[in-house]
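Take a look at the structure set out below.
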There are 2 protein chains.
Amino acid sequence: MTIENIIEEKNLKLTVARRELLGILHAHNRPLCFEDIKEKINMDKATFYRNISKFEEEAIVNSFESNDKKRYYEMQEFPHAHFICNTCNAIECLKNIEPINLEGYIITDIIFKGICKGCKHEEE
Amino acid sequence: MTIENIIEEKNLKLTVARRELLGILHAHNRPLCFEDIKEKINMDKATFYRNISKFEEEAIVNSFESNDKKRYYEMQEFPHAHFICNTCNAIECLKNIEPINLEGYIITDIIFKGICKGCKHEEE
DNA sequence: TTCTTATGTGCAACTTAGTCGCATTTTATA
DNA sequence: TATAAAATGCGACTAAGTTGCACATAAGAA
């Protein structure tokens, strides 16, 4: 599925900003915040946040808050859990954990916090 | 364990602000943000954030970011997972879920996001 | 290809959570 | 009761995210 297809499928206009923004998110296999993205492309923050909101409404992108008060965004292609390290603040994607069920709830996202493998190793 | 004992055990000074702050957190069985707390007690936000940071360092309190860009705090008495509803933004404590293990990681906190029982019911 | 219109973009001003420096107050101890 | 270290409150600041508005652009019609 190309970026052009995704945009077309949702009946959104294909603009330069949208192509660039989805291009960056698609190319990186990790969640990115606005700060990460503005290092890579020159885009006004109002444009960034308006497009990101639209992508979230259309279920193209999903997001979560990390430990650093910033929101991180990624393509919703393969929904998966995340691990946020309290020590180094790194965000890892956990693509292979077994599904968890909570009776009565619909789970769309799981965030684990704690100490990642690297930091745990350094502590020992 | 009284608030006075907790403070003394960690070798912190027992001040009016600290007693009030821990009193509020102790009295409410749900995570609270600064906005929630300033409705209940009159405390400068610098004092709030400095004390909350100290309580976190001392493992008296823990915290997480919600969907609303605010950080929520609660006593660390009974560590447990949380459910944040994407629809109504409510935060629920999940005190009875079975423990999850991730090989190589130390998990200190789990946050589930999705649709809570109430909102799921309304959708149907 | 050009015209038209709805939609998107960029700018600047704004809001709000959270931080920091500093003068003053309070706690704990001698 | 005196003292020193630590906590508080204030005001100024930072940075994420939002909003209104004028201008630019995508996409379909003519």
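Every number here is computed from the coordinates shown, using simple stated rules; none is lab data. Only a predicted model underlies this, so the values are computations on that prediction, with no experimental measurement involved. No Cβ is skipped: glycine too gets one built from the backbone with ideal geometry, and neighbour counts run over all protein chains shown.
Could you tell me what fraction of 2.2 N^0.38 Å the Cα radius of gyration of chain A comes to, as a two-decimal ratio? Can you show the working numbers first?
Numbers: Rg = 16.0 Å, N = 124, 2.2 N^0.38 = 13.7 Å.
Output field value: 1.16.
How many percent of the alpha carbon pairs in the protein assembly as shown exceed a separation of 24 Å? Working shown, then result.
Values: 16821 of 30628 pairs.
Result for the distance tail: 55 percent.
Evaluate E = 1/(1 + (r/R0)^6) for B:GLU98 and B:LYS120, where r is the Cβ-Cβ distance and R0 equals 22 Å; express this FRET efficiency to the nearest 0.05. Spell out each step's value before the answer.
On the way: r = 21 Å, r/R0 = 0.97.
Plugging the Cβ-Cβ distance into 1/(1 + (r/R0)^6) gives 0.55.
Calculate how steeply helix A:16-27 sits against the longest principal axis of the alpha-carbon atoms of chain A, using the helix alpha-carbon long axis, and give the answer as 0 to 90 degrees to the nearest 10.
30 degrees
Please report, in Å, the Rg and the Dmax of segment B:69-111, where both are computed over Cα atoms only.
11.9, 35
How far is B:MET1 from itself in the other copies, in nm, if each label sits 7 Å out from Cα along the Cα-Cβ line, shortest first?
Nearest to farthest, the other copies are at 4.8 nm.
Please work out the Kirkwood hydrodynamic radius for segment A:42-83, using every pair of different C-alpha atoms, and report it in angstroms with one decimal place.
Values: mean 1/r = 0.0891 Å⁻¹.
For segment A:42-83, the Kirkwood estimate is 11.2 Å.
Kindly give the distances from B:ARG30 to its copy-mates, label point to label point, with each label point 7 Å from Cα along Cα→Cβ, as nm values to one decimal ordered shortest first.
3.6
In nm, one decimal, shortest first: how far is the label point of B:ALA90 (7 Å from Cα along Cα to beta carbon) from the matching points in the other copies?
3.8
Using only atoms on other chains, find how many Cβ atoms lie within 10 Å of each Cβ of peptide A:97-105 and report the average.
Details: counts 2, 1, 0, 6, 0, 8, 1, 6, 12.
Per-residue shielding by partner chains comes out at 4.
For A:LEU94, which sequence-distant residues (separation of 5 or more, or a different chain) have an amide H within less than 5 Å of its own amide H, given hydrogens modelled in the peptide plane?
A:ALA81, A:HIS82, A:PHE83
What does the structure give for B:107-118 when I average, per residue, the other chain Cβ atoms found within 10 Å of the residue Cβ? The partial results should precede the final answer.
Numbers: counts 5, 5, 6, 7, 9, 10, 9, 7, 5, 4, 5, 1.
That works out to 6 on average.
Among the lysines, select those whose C-alpha is under 21 Å from the C-alpha of A:LYS38, and discard any that sit fewer than 8 residues away in the same chain.
A:LYS54, A:LYS69, A:LYS70, B:LYS69
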